[in-house]
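The values are calculated or read from the model by the stated rules, or taken from the named source; none is laboratory data. Note that the coordinates shown come from a computational prediction; the quantities given were computed from them, not determined experimentally. Methodologically, a virtual Cβ is constructed for each residue, glycine included, from the backbone with ideal geometry; neighbour enumeration extends over all protein chains shown.
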Amino acid sequence: MITKLTRLLLILFFGPMFSYTATGQSKIKGRVQSSISQLRPITEVYIKILNIDRPVIDRMVMADSLGYFQFENLELNKTYRLEISAFGYDRQLLEVETTKTINDTTLVIEASCEYSKEQADNDWKNGMAKLLIIGSIAPIANTPEDKLFEKKYGVEFYDFGCTPPIDECIKLYNEGIFELLDKKFETNWRNKIRTDVEYL
């Protein structure tokens with residue numbers, strides 16, 4: 001026999017669960033892409049709904065390896081404020097309105113690059129080309145062989161230490177320099193380069 005106290009405890013414990021699933025009539029799903037590459041940023045991306053009364057674990061997701069994400073059990077005809085965060089990018093706020101049962105959206109995370117393919121071309125022309133490295137608090141110094149490499153191929157190994165720019169920017173810049181080195185020296189330089197140069 002269920003006592004009044006037991007009945008009250010059951011309501012307190014299971015009631016929020018029933019009300020939580022009962023209001024779920026819509027979902028937001030989509031993809032996060034970078035304004036630089038139109039692909040998923042090369043870092044972990046988190047999306048959080050700000051204006052919803054749920055535990056953090058139920059209102060925050062991480063985009064998968066292709067940038068896709070999904071929120072379920074949302075109210076129809078409501079505007080949800082989403083916060084996107086990723087290492088190296090500014091925190092960004094966007095709004096999505098649940099006008100349908102399934103709401104597809106693309107969230108573009110804005111970024112700017114000091115290092116880019118265009119900058120690689122300019123630096124190469126001006127004799128200031130670099131090969132970018134993400135180091136640590138104590139960057140690894142060039143060996144005598146590294147210094148010979150810099151002199152022979154007209155590039156400088158540049159270590160950011162532990163405060164690098166966005167990975168995508170490093171990738172675009174280094175790949176631009178790799179193409180220019182291949183064009184001038186074919187692939188002879190590739191087996192002599194420092195192994196910690198990014199994206200080779």
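A few points about this structure:
- Total residues in segment 132-152, condition crowded, with 18+ Cβ neighbours inside 10 Å and under 22 Å from the mean Cα position of the chain (by Cα): 2
- Hey, PHE87 in the same structural domain as SER37 (by TED's automatic domain parsing), under 23 Å from VAL197 (Cβ atoms) and not small (Gly, Ala, Ser) or not: yes
- Contact map, segment 177-200: first residue closer than 22 Å to GLU118 by Cα, second residue part of a helix (DSSP H, G or I) and among the basic types (Lys, Arg), Cβ cut-off under 6 Å, separation 6 or more or different chains; pairs are TYR199/LYS171.
- Counted residues, segment 67-84 - those being under 20 Å from SER35 (Cβ atoms), of a type in the set (Phe, Trp, Tyr) and either surrounded by 14 or more Cβ atoms within 10 Å (Cβ to Cβ) or not assigned by TED's automatic domain parsing to the domain that holds PRO41 (or both): 1
- The lone criterion from (1) surrounded by fewer than 19 Cβ atoms within 10 Å (Cβ to Cβ); (2) touching a helix residue (DSSP H, G or I) at 6+ places or on another chain (Cβ under 8 Å); (3) farther than 24 Å from ILE36 by Cα; (4) among the aliphatic types (A, V, I, L, M) left unmet by VAL155 is number (1).
- Restricting attention to segment 158-169, the residues that are buried (at least 19 other Cβ atoms within 10 Å of the Cβ) and not acidic (Asp, Glu) add up to 2.
- The set of residues from segment 87-99 being surrounded by 12 or more Cβ atoms within 10 Å (Cβ to Cβ) and in contact (Cβ under 8 Å) with a residue 40 or more places away in the chain comprises PHE87, GLY88, TYR89, VAL96, THR98.
- For segment 55-66, a residue qualifies if it is modelled with pLDDT of 95 or more and either not in a strand (DSSP E or B) or not assigned by TED's automatic domain parsing to the domain that holds ILE36 (or both), and the qualifying residues are ALA63, ASP64.
- Against the list (1) in contact with a helix residue (DSSP H, G or I) (Cβ under 9 Å, 6 or more places away or on another chain); (2) crowded, with 17+ Cβ neighbours inside 10 Å, the condition LYS184 fails is (2).
- Sole exception among (1) in the same structural domain as LYS27 (by TED's automatic domain parsing); (2) within 28 Å of LYS183 (Cβ to Cβ); (3) of a type in the set (Ser, Thr, Tyr) for THR143, by number: (1)
- Check on LEU172, at pLDDT 95 or above, crowded, with 19+ Cβ neighbours inside 10 Å and outside the structural domain of GLY88 (by TED's automatic domain parsing): no
Residue-by-condition table, conditions (1) farther than 28 Å from LEU50 by Cβ; (2) assigned by TED's automatic domain parsing to the domain that holds SER37; (3) in contact with a His (Cβ under 9 Å, 6 or more places away or on another chain); (4) not charged (D, E, K, R):
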| site | (1), (2), (3), (4) |
| --- | --- |
| ARG91 | no, yes, no, no |
| VAL96 | no, yes, no, yes |
| THR101 | no, yes, no, yes |
| LEU132 | yes, no, no, yes |
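- Members of segment 147-164 that are in contact with a strand residue (DSSP E or B) (Cβ under 6 Å, 6 or more places away or on another chain), within 18 Å of ASN191 (Cβ to Cβ) and either at pLDDT below 95 or not hydrophobic (A, V, I, L, M, F, W, C) (or both): GLU150
- Counted residues, segment 85-140 - those being farther than 15 Å from GLN33 by Cα and part of a strand (DSSP E or B): 9
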